[in-house]
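First up is the structure itself, then whatever we jot down about it.
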Amino acid sequence: MIPTVRESLEKINITSKILFNESLKKYTSLQCGGSADIFIQPDNISIVRKILLFAKQHAIPVTFLGKGTNVLVSDRGIRGITLQTENLCKITLCDTSFTVECGVEVDKLVISAAENGCQGLEGFYGLPGTIGGSIFGNAGCFGYEISEHLDWVEYITPDSKLIRVLSEDADFSYRSSCFLKNSGFISQMHFTFHNFESPNELIRRCMYYRLQREKKGHYTAPSAGSVFKKPDVPEDHPYFGFSAGSLIEKSGLSGFSVNGAVIADFHANFIINPEKKASSDDVLQLIAVMQKRVKRMFAIDLECEIRFLGD
Ligand SMILES: Cc1cc2nc3c(=O)[nH]c(=O)nc-3n(C[C@H](O)[C@H](O)[C@H](O)COP(=O)(O)OP(=O)(O)OC[C@H]3O[C@@H](n4cnc5c(N)ncnc54)[C@H](O)[C@@H]3O)c2cc1C
């Protein structure tokens, strides 16, 4: 008799909890979308390697999820295994360097660095994701990029090999890295700091940056942050230098909605789900409306920053 995926998974002795048909609404900041066929929160990196090997041998697709603050999960869910990184959350400090597992919250790393007098990450305080998700998309804010103080990243290939890549070889650029293309699971990374200040001053700056986000309305309703990237247009274009948000606002779409999905009036590049009633299809329809209107009015193609997971 052919064993089910559940039976086969049990045989490889994974100590982490395995859930079947788990709704992903509570694991994403937009709070919409379907379920994961198989949902696992691995407790350590060697379990990740076991699961990836198992998935490869059984031709099961694997999707990675951090805190779900930059994704839209399909209403039809995610086939195969979804690995969520919440329990991979160790930080190890050695002098002025930190080794950080992928599931560590960005806030936790930023505050640990500040408390140890290490300067450079304060602008990221208040960014609501994990460090793994941030490195994947090279998160940036207030003119800084998360890859700036990074020495190396370790990732696990789909056939379970552990590879260390130096920061300078990881192709970091605006909201991009080699991890977007190589399908690897970012397991841990290493940051070294070279500038130092008093912890009190650094923590004060962290609070300042978080307050800026608060004032802009970032935490007022479920969202996935900025939907679109900064438009890439030539210098002689009449709307060169305009942000996606300002173009959407100029197009008159602020506040426009498709069912429960609404273009935030505090930030036109945010789609919010204020009553938690939006489906992912509503969000997709709204994205299409924004792209069409901006294209028609300004001849600019808006490219999504958020990532689409699932069917
Ligand atoms: C209110 C708000 C404000 C935001 N502000 C900013 C901002 O200023 N700047 C900015 O850049 N972003 C911003 N974001 C977006 C988001 O917070 C960041 O991009 C964050 O870094 C994503 O981390 P995450 O853990 O939530 O990743 P997720 O959303 O879970 O995943 C994002 C992508 O990374 C992949 N991924 C996650 N973990 C791993 C891993 N271990 N290995 C391989 N792939 C992985 C996922 O498959 C997915 O494709 C904001 C979001 C919100 C809700």
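For every residue, the table says whether it meets (1) over 24 Å from residue 263 (Cα atoms); (2) within 10 Å of the ligand (Cβ to nearest atom); (3) surrounded by fewer than 17 Cβ atoms within 10 Å (Cβ to Cβ).
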residue	(1), (2), (3)
201	yes, no, yes
204	yes, no, yes
216	no, yes, yes
222	no, yes, no
225	no, yes, no
238	yes, no, yes
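Among the residues making up the stretch 124-182, those that are within 27 Å of residue 203 (Cα to Cα) and of a type in the set (Gly, Ala, Ser) are 126, 129, 132, 133, 134, 137, 139, 140, 143, 147, 167. Residues in the stretch 269-286 that are touching a residue at least 24 places away in the same chain (Cβ under 8 Å) and in a loop (DSSP other than H, G, I, E, B): 269, 273, 274, 276, 278, 279.
Scanning the stretch 125-147 for residues that are part of a helix (DSSP H, G or I) and either aliphatic (A, V, I, L, M) or within 8 Å of the ligand (Cβ to nearest atom) (or both) yields a total of 7.
For the stretch 105-124, the candidate set comprises residues that are surrounded by fewer than 24 Cβ atoms within 10 Å (Cβ to Cβ) and under 15 Å from the mean Cα position of the chain (by Cα); within that set, the residue that is farthest from the ligand (Cβ to nearest atom) is 107.
Mind listing whichever residues of the stretch 148-164 are more than 8 Å from the ligand (Cβ to nearest atom), within 15 Å of residue 101 (Cα to Cα) and not basic (Lys, Arg)? Of everything in the stretch 148-164, those that are more than 8 Å from the ligand (Cβ to nearest atom), within 15 Å of residue 101 (Cα to Cα) and not basic (Lys, Arg) turn out to be 150, 151, 152, 153, 154, 156, 162, 163.
Read the figures in this text as sums done on the coordinates, not as results from a lab. Fair warning: this is a prediction, and the values are worked out from it, not measured in the lab. Cβ: placed from backbone, ideal geometry, glycine included. Neighbour counts: every protein chain shown.
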